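Accompanying notes for the structure given below.
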Amino acid sequence: MSTKTETLINGAARVIRGKQEFLELFTAAVLAGGHILIEDNPGLGKTTVAKTFAKLIAADDGRPLLFKRIQFTPDLLPYDITGVDVFDPESRSFRFVPGPVLANIVLADEINRTTPKVQSALLEVMAERQVTIGSATHRPPEPFFVIATQNPIESEGTFPLPAAQLDRFMMRLSLGYPDRDAELSILEDNPAEGALNNLEPHLSLQDFLALRQEAADLFCHTALKAAIADIVRDTRAHRSFLLGASPRAGLHFLQAAKALALVKGRTYVTDEDLIALAVPVLGHRLKLRDPRSHGDKLIRELCLARINTLKPLV
């Protein structure tokens, strides 16, 4: 693991205990410039993850990056997210009041608890890094990424995310329950309050942006790029899937693989990166014909089938 990525992950591990693999995947998504959907049961630290990473990176003034939280509820309106033009009686003109989405790190908490109309307010900014209000375009600061959370076990009062929304998330991740040692550690000092409140930035903005560029420039063999394309195309042809993965999914797959290789301390992508990322990158984008089917298992099988056909890379 590179020194800078190790610094970032170790800082997060002070708060998020016993979740090394999750933190590596999460960091890879952030370094790849992707948005992340965290789907898990209540009380596992989904919101805490977003708050933690917001504190780990320093802006130019030395303070943590600008972090905004949006609590999604059924009565939320689109302009509560994007911002709105309001009339200023003194200047007799309209001025733009920015919404919380125009921040570096946006936490969309319980994103499936608001209506599709409000969910769609995130579509433009997630895909194009801009918000259009009237005839004016407003851009969030860089870096910018959305961390959304949702609870998969409750359906009452929720609105499933449409395919267009899901496709904008680079990864869907789950924290899962901590092991016994991690849980004892959590009981000992409640890191979501103590360690999180005292957390200082571990990485400067310049170092973070340099890491992102390093991830983007990482080497990926042509054969592995072909494997990614074939895996994505296989999801469209497989009879178990009603909706396969998009070309955007393939781009996200490649970008995430490069970033994960960097997190692992390598200067090149390996087939292990593709195996580790297939489900997090593709799982939430695919729609099964039979809801009783095991989509994650099918994705792994498609990935391994393509990986097994690869000749040794030189």
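Side notes on the structure shown:
- The angle between the Cα long axis of helix 20-31 and the main principal axis of the chain comes to about 60°, on a 0 to 90 degree scale.
- Inter-part distance where the stretch 150-171 and the stretch 86-144 are each reduced to a Cα centre, Å: 20
- Over the Cα atoms of the stretch 257-312, the radius of gyration divided by the Kirkwood radius equals 1.05; this is the Rg/Rh ratio.
- Each residue of the stretch 82-90 was assigned a 3J(HN,Hα) from its phi angle through the Karplus expression (A = 6.51, B = -1.76, C = 1.60, θ = phi - 60°), giving 7, x, 7, 7, 10, 7, 9, x, 6 Hz with x at Gly and Pro.
- Once Rg and the Kirkwood radius are both taken over the C-alpha atoms of the stretch 1-153, their ratio Rg/Rh works out to 1.01.
- Residue (of 185, 20, 294) at the positive-pole extreme of the chain, dipole from beta-carbon charges: 294
- Karplus-based coupling profile of the stretch 165-174, in residue order and whole Hz: 6, 4, 5, 7, 8, 5, 9, 10, 10, 10, with θ = phi - 60° in 6.51 cos²θ - 1.76 cosθ + 1.60 and x standing for Gly or Pro.
- Filter on 51/258; 55/258; 117/258; 55/225 - keep pairs with C-alpha separation over 32 Å: 117/258; 55/225
- Whole-Hz couplings from phi, Karplus 6.51/-1.76/1.60, listed for the stretch 249-266; x for Gly and Pro: 4, x, 4, 4, 4, 5, 4, 5, 4, 4, 5, 5, 4, 5, 4, 7, x, 10
- Most positive-pole-ward Cα, 104, 37, 242, against dipole of the chain from beta carbon charges: 242
- Using alpha-carbon coordinates, inclination of helix 205-216 to the longest axis of the chain, degrees: 30
- Dipole magnitude (debye, nearest 20) for the chain, charges at Cβ of Lys, Arg, Asp, Glu: 1000
- Size of charge dipole - the stretch 188-240 - debye, nearest 20, with Cβ of Lys, Arg +1 and Asp, Glu -1, no other charges: 720
- Atom-type composition of the exposed protein surface of the stretch 167-241 places 47 percent of the accessible area on carbon and sulfur (1.4 angstrom probe).
- Other residues with beta-carbon under 10 Å from the beta-carbon of residue 102 carry, at +1 per Lys or Arg and -1 per Asp or Glu, a net charge of +2.
- Stokes-Einstein diffusion coefficient of the chain, Kirkwood radius over Cα pairs, 37 °C, 0.692 mPa s, in µm²/s: 160
- Entry note: the stretch 68-194 has Rg to Rh equal to 1.07, where both radii use alpha-carbon atoms and Rh is the Kirkwood radius.
- Comparing 144, 94, 219 in a Gaussian network model of the chain where C-alpha atoms under 10 Å apart are linked, the largest mean-square fluctuation is found at 94.
- The chain: angle of helix 295-307 to the longest principal axis, Cα-based, in degrees nearest 10: 50
- Separation between Cα centres of the stretch 242-314 and the stretch 186-231, rounded to whole Å: 18
- Per-residue ellipticity at 222 nm computed for the chain from its helices equals -12500 deg cm²/dmol, with DSSP H segments shorter than 4 residues left out and the rest contributing -39,500 (n - 2.57).
- Apportionment of accessible area to carbon and sulfur, the stretch 1-151, percent (1.4 Å): 50
- DSSP assigns beta bridges within the chain; of those with both partners inside it, close to 40 percent run antiparallel.
- Between 50, 210, 108, the GNM of the chain built on Cα springs shorter than 10 angstrom shows 210 fluctuating the most.
- The residues of the chain expose, per residue, 49 Å² of accessible area to a 1.4 Å probe.
- For the pair residue 85 and residue 185, the difference between a 0.36 nm per residue extended length and the Cα-Cα distance amounts to 31.2 nm.
- Each Lys and Arg Cβ is given +1 and each Asp and Glu Cβ -1; about its Cα centre, the stretch 136-269 then shows a dipole of about 1040 debye.
- With one equal scatterer per alpha carbon and no solvent term, the Debye-computed log10 I(q)/I(0) for the stretch 43-93 at 0.13, 0.22, 0.30 1/Å reads -0.58, -0.91, -1.07.
The values are calculated or read from the model by the stated rules, or taken from the named source; none is laboratory data. Bear in mind the structure is a predicted one, so any value in this text is a computation, not a measurement. Note that we place each Cβ from the backbone using ideal geometry, even for glycine, and neighbour counts take in every protein chain shown. Keep in mind that these areas ignore ligands, DNA and RNA; they rest on the heavy atoms of the full protein, side chains included. Shrake-Rupley method; radii C 1.70, N 1.55, O 1.52, S 1.80 Å.
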